[in-house]
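Q: If you scroll down you'll find the structure; I have some questions about it.
Read-outs: derived from the displayed coordinates by stated rules, not from any lab. Source: prediction; values computed, not measured. Here the Cβ positions follow ideal geometry from the backbone for every residue, glycine too, while neighbour counts run over all protein chains shown.
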Amino acid sequence: MQRRHFLWTPPALALGAAAGPAMAAPAIIGSQSPILPRKGKGPRIVICGGGWGGMTAARYLRELIPNSDVVLLERNATFWSGPMSNKWLVDIVGTDFVNRDMLHPANKYGYTLLQTEVTGFERDKKQVRTAHGLIEYDFLILSGGIRNDYEAWFGNDQRAIDYTRTRFPNAYIPNQEMLSLKSKVKNFKGGTLVMTLPPPPHRCPPSPYERACLIAWHIKKNKIPGKIVILDPKPKIAPIGVGYKQAFEELYADIITHVPNAGVREVDPFNKQIKTAAGDFKFDDAILMPPHQAADMVWKADLIGKDVATGKPTGWADMHNRLFHARSDDRVYFVGDLMGAISPQFGHYPKSGHVANYIGKIVARNIAERVAGKEVVARLPDNLCYMMVNGDPQEEISVKFEYEVDASGQVNQTQIDMDVRTSDLVKEDFAWINGKFGDFLGI
């Protein structure tokens with residue numbers, strides 16, 4: 001087991017050396033003014049991004065370091081869950097299931113929640129710049145998820161980017177585009193609906209196929225004269241390839257067409273045309289997913305990795321693959337989908353809610369060990385994904401990933417596909433999600 005030893009030393013401000021009364025001032029003065037005075041003498045940990053990973057880290061930091069001053073920064077007013085959102089698109093679960101209050105867990109677990117936009121970082125001063133002002137930290141956690149790399153398709157053509165984002169939303173960033181995509185599905189009257197899949201690594205690898213199945217189920221149930229064409233850059237369906245292939249062929253043979261090796265070469269959103277390595281396609285409507293990258297905040301922090309061979313940006317966080325802190329700044333940690341590569345055997349951990357939740361706990365424990373002056377233990381997550389392929393009767397397939405470290409120190413992955421669709425997996429799925437929501441939402 002890999003260990004590293006760190007020692008945390010509180011800054012002078014945390015020790016409280018100010019003398020004399022302070023003049024009263026507005027809590028928020030401007031974007032360059034310090035805000036949120038420290039609470040107590042414990043470490044200040046600022047978390048940027050209030051999704052699965054960020055809220056988990058906040059809860060467990062308060063539990064493991066009771067005197068810590070934990071601040072969670074999130075631009076959205078409420079929490080939208082990516083997991084279960086495909087079911088929400090076709091009304092298998094309601095809005096109140098995937099859209100949750102964030103103040104309740106903040107109050108229950110005792111961390112500060114601030115709705116604001118992160119605009120930059122001054123890592124040399126240990127400060128986060130936000131739309132409301134400057135916030136200092138002792139440790140920083142970046143947990144902002146992904147960004148859609150439309151520039152890979154359109155370069156600097158902002159008109160094409162905006163047109164694609166608004167006309168053909170993919171809703172892979174929760175709270176953005178969710179209602180728009182649901183409206184698209186509900187109002188689909190027929191024709192060819194094209195779905196582009198991003199090249200790996202991307203958020204929740206099996207979920208685009210689940211989305212195709214559930215939209216196909218909606219089309220079938222409502223007798224809509226529609227077809228779905230999946231343009232997949234991979235040579236085959238993965239993960240859960242056998243299970244999805246059986247669902248496509250046995251449930252939706254006249255609706256879903258899966259096209260492998262269909263990496264996107266050019267997108268013309270105005271004329272509804274896509275050129276791929278597998279041919280050219282026209283569409284009546286589309287759900288267009290460009291390549292994914294780490295969230296903008298990682299770029300703003302100047303912590304994106306570089307390819308060793310080319311020197312070009314990898315698009316993902318440059319981090320220690322076992323301890324999850326930035327290679328160039330061990331006061332900054334990464335949690336969730338924005339994380340960089342882990343192993344030459346499999347590349348990245350799956351960019352999933354389950355992994356984000358698990359890594360959030362690991363990072364909280366690692367920071368707690370540092371604050372206590374203990375050895376930092378390198379820990380491994382696991383991953384579990386349930387995917388619904390039929391709405392009536394409700395049936396699911398699933399995939400599990402397990403990890404171990406070999407004698408050379410390399411992390412290796414074992415993938416276990418559950419390809420037989422069953423209703424039992426639906427029950428497991430809802431038990432899993434309710435357990436996770438209980439863990440970090442406190443419900």
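Q: Please list the three semi-axes, largest first and in whole Å, of the ellipsoid equivalent to segment 347-403, using sqrt of 5 times the eigenvalues of its alpha carbon gyration tensor.
A: Equivalent ellipsoid semi-axes, largest first: 34, 11, 7 Å.
Q: Still on this structure, I have one more. Charges on Cβ only, +1 for Lys and Arg, -1 for Asp and Glu, centred on the Cα centroid of the chain; of 398, 262, 32, which one is farthest towards the dipole's positive end?
A: Farthest towards the positive end: 32.
Q: What are the extents of the Cα atoms of segment 74-181 along their three principal axes, listed from largest to smallest and rounded to whole Å?
A: That gives 42, 40, 19 Å along the principal axes, largest extent first.
Q: To continue, here is another question. Set the Förster distance to 25 Å, then compute FRET efficiency between residue 163 and residue 186 from the Cβ-Cβ distance, nearest 0.05.
A: Efficiency, from the Cβ-Cβ distance: 0.70.
Q: Something else now. Using 20 Å as the cut-off for backbone N distance, which residues of segment 230-248 belong to the label zone defined by a point 7 Å from the Cα of residue 392 along Cα→Cβ?
A: Under cut-off, by backbone N: 247-248.
Q: Taking the Cα centroid of segment 113-189 and of segment 372-416, what is the distance between the two, rounded to the nearest whole Å?
A: Each part reduced to its Cα centre gives a spacing of 27 Å.
Q: Can you tell me which aspartates and glutamates have their Cα less than 20 Å from the Cα of residue 39? Leave out same-chain residues fewer than eight positions away.
A: Counting by Cα, and skipping residues close in sequence, residue 39 has these aspartates and glutamates nearby: 63, 69, 74, 136, 138.
Q: Please find the FRET efficiency linking residue 434 to residue 380, where r is the Cβ-Cβ separation and R0 is fixed at 25 Å, and quote it to the nearest 0.05.
A: 0.50
Q: Here is a follow-up. Can you compute the charge dipole magnitude of segment 157-293 about its Cα centre, using +1 on each Lys and Arg Cβ and -1 on each Asp and Glu Cβ, nothing else charged? Give it in debye, rounded to the nearest 20.
A: 300
Q: Just list whichever of 184/300; 87/184; 189/245 have alpha carbons separated by over 24 Å in the model shown.
A: Pairs exceeding the cut-off: 184/300; 189/245.
Q: Sticking with this one: State log₁₀ I(q)/I(0) for segment 286-427 at q = 0.09, 0.14, 0.15 Å⁻¹ as given by the Debye formula over alpha-carbon point scatterers of equal weight, solvent excluded.
A: -0.35, -0.79, -0.88
Q: Under 5 Å between amide H atoms, partner at least 5 residues away or on a different chain: which partners does residue 130 have, H built in plane at 1.01 Å?
A: Correct list: 119, 135.
Q: A further question on this structure: Counting each DSSP H run of 4 or more residues in the chain as -39500 (n - 2.57), what helix-only mean residue ellipticity at 222 nm follows after dividing by all residues, to the nearest 500 deg cm²/dmol?
A: Rounded to the nearest 500, the figure is -8000 deg cm²/dmol.
Q: Can you give the direction-averaged projected area of the convex hull of the alpha-carbon atoms in the chain, in nm²?
A: Result: 22.2 nm².
Q: For the charge dipole of segment 263-347, defined by +1 on Lys and Arg C-beta atoms and -1 on Asp and Glu C-beta atoms about the Cα centroid, which residue among 335, 276, 314 has the Cα displaced farthest towards the positive pole?
A: 314
Q: Counting other beta carbons within 10 Å of each Cβ, put 421, 203 in order, fewest first.
A: Lowest count first: 203, 421.
Q: A follow-up question, please. What are the extents of the Cα atoms of segment 157-293 along their three principal axes, listed from largest to smallest and rounded to whole Å?
A: Largest first, segment 157-293 extends 42, 31, 30 Å along its Cα principal axes.
Q: Let me ask something additional. Residue 284 to residue 404: FRET efficiency via 1/(1 + (r/R0)^6), r the Cβ-Cβ distance, R0 45 Å, to the nearest 0.05?
A: The formula returns an efficiency of 0.40 here.
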